[in-house]
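K.L.:
Mind looking over this structure? Questions follow.
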Amino acid sequence: MTVTSEFNTLKDFLIDIMTRFPETRDSDTQLYIRSCRELGAKSLDDIERINLSIVSLHKTRQLITNKLGLCKPSEQVTEGRSKRNFDIREYMGKVKATS
């Protein structure tokens with residue numbers, strides 16, 4: 001499987017999960033847990049067998065919500081993520097200025 005087909009397949013899978021389970025739009029952890037369950041995981045051993053990368057899931061969720069504009073999180077989460085992004089940029093600017 002190529003990287004392109006792997007990510008397109010993951011993207012379609014995650015869109016389906018976030019459409020059917022809106023609570024997964026607000027939390028990558030909830031999205032990961034639900035995705036593992038949908039893939040048949042019933043235990044931690046099953047999660048290892050599924051081999052679903054939480055980093056790939058996170059990056060693909062960002063693509064779906066930010067670039068494609070689909071499956072948006074709640075307004076509260078959107079505001080929290082924006083504030084966090086601002087705080088990090090502000091901090092990095094301060095660190096860079098003192099270096």
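The values are calculated or read from the model by the stated rules, or taken from the named source; none is laboratory data. Nothing here was measured: the structure is a model prediction, and the numbers come from that model. As a convention, Cβ positions derive from the backbone with ideal geometry for all residues, glycine included, and neighbour counts pool all protein chains shown. For accessibility, only protein heavy atoms count, side chains too; no ligands or nucleic acids. Shrake-Rupley method; radii C 1.70, N 1.55, O 1.52, S 1.80 Å.
K.L.:
I want the local charge near Ala97. Using Cβ-Cβ distances under 15 Å, sum +1 for each Lys or Arg and -1 for each Asp or Glu among the other residues.
P.N.:
Net of charged neighbours comes to +2.
K.L.:
Still on this structure, please answer the following. At 1.4 Å probe size, with every protein chain present, just tell me what the per residue accessible area of the chain comes to in Å².
P.N.:
73 Å²
K.L.:
In straight Cα distance, which lysines are under 18 Å from Lys96, not counting same-chain residues fewer than 8 positions off?
P.N.:
Excluding near neighbours in sequence, the set is empty.
K.L.:
How would you classify the chain from its alpha-carbon gyration tensor, with a ≥ b ≥ c the square roots of the eigenvalues: rounded for a/c under 1.5, else prolate if a/b is greater than b/c, otherwise oblate?
P.N.:
Here the chain falls in the prolate category.
K.L.:
Cut-off 10 angstrom, C-alpha nodes, Gaussian network model of the chain. Which of Gln62, Gln76, Gln30 fluctuates the most?
P.N.:
Comparing Gln62, Gln76, Gln30 in a Gaussian network model of the chain, the most mobile one is Gln76.
K.L.:
Could you work out the local net charge near Asp16, counting Lys and Arg as +1, Asp and Glu as -1, over the other residues with Cβ closer than 15 Å to its Cβ?
P.N.:
Here the charged neighbours net out to +3.
K.L.:
Considering only protein heavy atoms and a 1.4 Å probe, what is the carbon-and-sulfur percentage of the accessible area of the stretch 30-87?
P.N.:
Answer for the stretch 30-87 is 52 percent, counting heavy atoms of protein chains only.
K.L.:
Per DSSP H run of n ≥ 4, the term is -39500 (n - 2.57); total these for the chain, divide by its residue number, and report the mean residue ellipticity at 222 nm rounded to 500 deg cm²/dmol.
P.N.:
-22500 deg cm²/dmol
K.L.:
Of the residues Leu52, Leu14, Leu44, which exhibits the maximal mean-square fluctuation in a Gaussian network model of the chain defined by a 10 Å Cα contact cut-off?
P.N.:
Most flexible of the set in this elastic network: Leu44.
K.L.:
Continuing with this model, one more query. Mind ranking Leu39, Leu10 by accessible surface for me, highest first, 1.4 Å probe?
P.N.:
Of Leu39, Leu10, the descending order of accessible area is Leu39, Leu10.
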